[in-house]
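No lab work stands behind these numbers, since they all come straight from the coordinates. What you see is a predicted model; the values in this text were computed from it and never measured. Because the Cβ atoms are built from the backbone with ideal geometry, glycine has one as well, and the counts that use them run over all protein chains shown.
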Amino acid sequence: MIGAGAFGFSVAYQLVRLGAGSVVLLDQYEPGTQVSPKAAGLFKMIQASATKTRLALLSRQIVTTFAQETGVPIPHEAVGSLFIARTPAHAGMVDAEVEDSVGWGVEIERVDAREASRLCGYLDPEGIVSVHHVPGDLYIEEPRSMLIAYWQAGEALGLRVIGHTPVTGISVEAGEVWAVQTAAGTIETPVVVDAAGVWSRMIGAMAGVEVPVVPMRHQLRITSPIEGVTADMPIVRITDASGYARPARNGLMFGGFESNPLAYPSQLPAGFTTDMISFDPTLNDQFAEVLKPSIPALREHTSQEERGGLFTMTADGKLMAGPVGAVRGFWVTTGCNGSGFSLSSAIGRCVAEWIVGGEPPFDLSLLAPDRFASQGLTPELLHEKAVWQYANYYTPSA
Ligand SMILES: Cc1cc2nc3c(=O)[nH]c(=O)nc-3n(C[C@H](O)[C@H](O)[C@H](O)COP(=O)(O)OP(=O)(O)OC[C@H]3O[C@@H](n4cnc5c(N)ncnc54)[C@H](O)[C@@H]3O)c2cc1C
């Protein structure tokens, strides 16, 4: 396993759980310190495709029963969410997406604006055209806690997690993986999983595999404590604002999807860490501006933390998970597209079962890492499509 983030920990834990032999999870830095701990920690069941919805429901099940299964809790707040539109056009899109999601097994209830405001004390009902309540949505207050839980549960079953050990090469012979080179020596292995997040393209290149992803900045703000806001209040998503909010550290966390996001080069410089990303506080101010008619507490607020990281975007907004046809033994789990933290639990379960049993538990062809091979994705086209996917995160699509 290359990359000790949400994907790497999840796949590695599930592999040792299945008794898949000797499993080593490598990271170039301290494990669990790059993009994953910077996430907002939101789990959303509305996912715009049958496959991703199934993964979202499975992730929820894994996280909420993890303590039962392993004795190690993943602390989470099962507060539900409100999916909101404040324009008739957005209401139409939201309603259509809700209808699809209900068809795929998500529990969703239409509520009126007053009821929404009763469910969520920090929400003003004024101006809301359509709102749906999704009781199954949840959040994890401090995202790193999920990685630590996987780490502890995995180590108890024999997982070896090795930090500060960059992978420097992958040996492929006759179309088959056989070893991984690291700064500390070579590990012979018939299976390598590229879970290196925004570095996954660079890891793929070591094996001669194209992993077409684009790192893209996403940032959020946690306000100072706000009177009356409590951890048990729901998550709010306001589609026409392309923004979201949830309770955090006695205040509110909020963020959004700007229409002109900042892409980073897929060849990241040596020594790059997510702490080197420069943030733009005016962007958070702009999201506060569009959210505050519905979240009055944002009118006057101070910031407790400005944080962010890089999404790993793909050309079609969907994850990459599965084996790579051209190199036997090389697997990819990346392309978070902003939902990787939450979907990683299900991806780990499915990919580990696939590695061990030879078949995925259900059809994951939608996420095949090879699916872009025949699409003639030039770097410019990939960039253009990845930006579109980011900018339209809350534009529901079929
Ligand atoms: C601000 C923000 C908010 C977000 N909010 C949410 C949310 O609410 N819900 C959600 O589902 N998702 C969210 N996401 C997305 C989510 O954080 C990511 O999808 C997920 O964390 C990606 O996990 P990862 O394992 O791919 O990446 P990482 O956590 O970055 O892990 C990859 C690891 O690979 C290691 N690595 C790279 N190269 C090498 C090498 N050569 N050798 C060894 N190790 C290497 C890195 O050091 C790193 O630790 C958010 C993202 C951001 C930035």
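May I ask for the net charge around residue 362, where only other residues with Cβ less than 13 Å from the Cβ of residue 362 are counted and Lys, Arg are +1 while Asp, Glu are -1?
Local charge sum for residue 362: 0.
Length gain on complete extension for the stretch residue 109 to residue 276, per 0.36 nm per residue less the alpha carbon to alpha carbon distance?
Stretched out fully, the residue 109 to residue 276 stretch lengthens by 55.9 nm.
For the chain, compute the number of Lys pairs whose alpha carbons are separated by less than 16 Å, excluding pairs fewer than 8 positions apart on the same chain.
4
With springs only between Cα atoms under 10 Å, which of 137, 275, 27 fluctuates most in a Gaussian network model of the chain?
275
Just name one of 189, 296, 277: the one whose Cα is farthest towards the positive end of the charge dipole of the chain (beta-carbon charges, Lys/Arg +1, Asp/Glu -1).
189
Rounded to whole Å and ordered largest first, report the semi-axes of the equivalent ellipsoid of the chain derived from its Cα gyration tensor (root of 5λ).
Working through the eigenvalues yields semi-axes of 35, 21, 21 Å.
Over the Cα atoms of region 15-105, what radius of gyration and what Dmax do you get, in Å?
17.6, 55
What does the charge count around residue 337 come to, taking other residues whose C-beta lies under 11 Å from its C-beta (Lys +1, Arg +1, Asp -1, Glu -1)?
+1
Helix-only mean residue ellipticity at 222 nm, the chain, DSSP H runs n ≥ 4 weighted -39,500 (n - 2.57), per residue, nearest 500. What is it?
-9500 deg cm²/dmol
What's the local net charge at residue 283, with K and R +1, D and E -1, over the other residues with C-beta under 13 Å away?
Value of the local net charge: -2.
Pairs of Cα atoms under 8 Å, at least six residues apart: use those to get the relative contact order of the chain, whole percent.
24
Out of residues 5 or more away from residue 161 or on other chains, whose amide H comes under 5 Å of its own, with H placed 1.01 Å from N in the peptide plane?
Under 5 Å from the amide H of residue 161 lie the amide H atoms of 25, each far enough along the sequence or on another chain.
Calculate one ³J(HN,Hα) per residue across region 15-29 by plugging θ = phi - 60° into the Karplus curve 6.51 cos²θ - 1.76 cosθ + 1.60, and present them in order as whole Hz with x for glycine and proline.
5, 5, 4, 8, x, 7, x, 8, 10, 10, 10, 9, 9, 6, 10
Stretch residue 264-residue 299 to full length: gain in nm at 0.36 nm per residue minus the Cα-Cα span?
9.4 nm
Could you derive backbone 3J(HN,Hα) for region 42-49 from the dihedral phi with the Karplus parameters 6.51, -1.76 and 1.60 (θ = phi - 60°), listing whole Hz in sequence and x where the residue is Gly or Pro?
Computed from phi, the couplings for region 42-49 are 8, 10, 10, 7, 7, 10, 6, 7 Hz.
Hey, how many Å between the Cα centroid of region 31-87 and the Cα centroid of region 128-147?
Computed from Cα coordinates, the inter-centre distance equals 7 Å.
Using 0.36 nm times the number of residues separating residue 285 and residue 173, minus their current alpha carbon distance, what extension gain do you get?
35.1 nm
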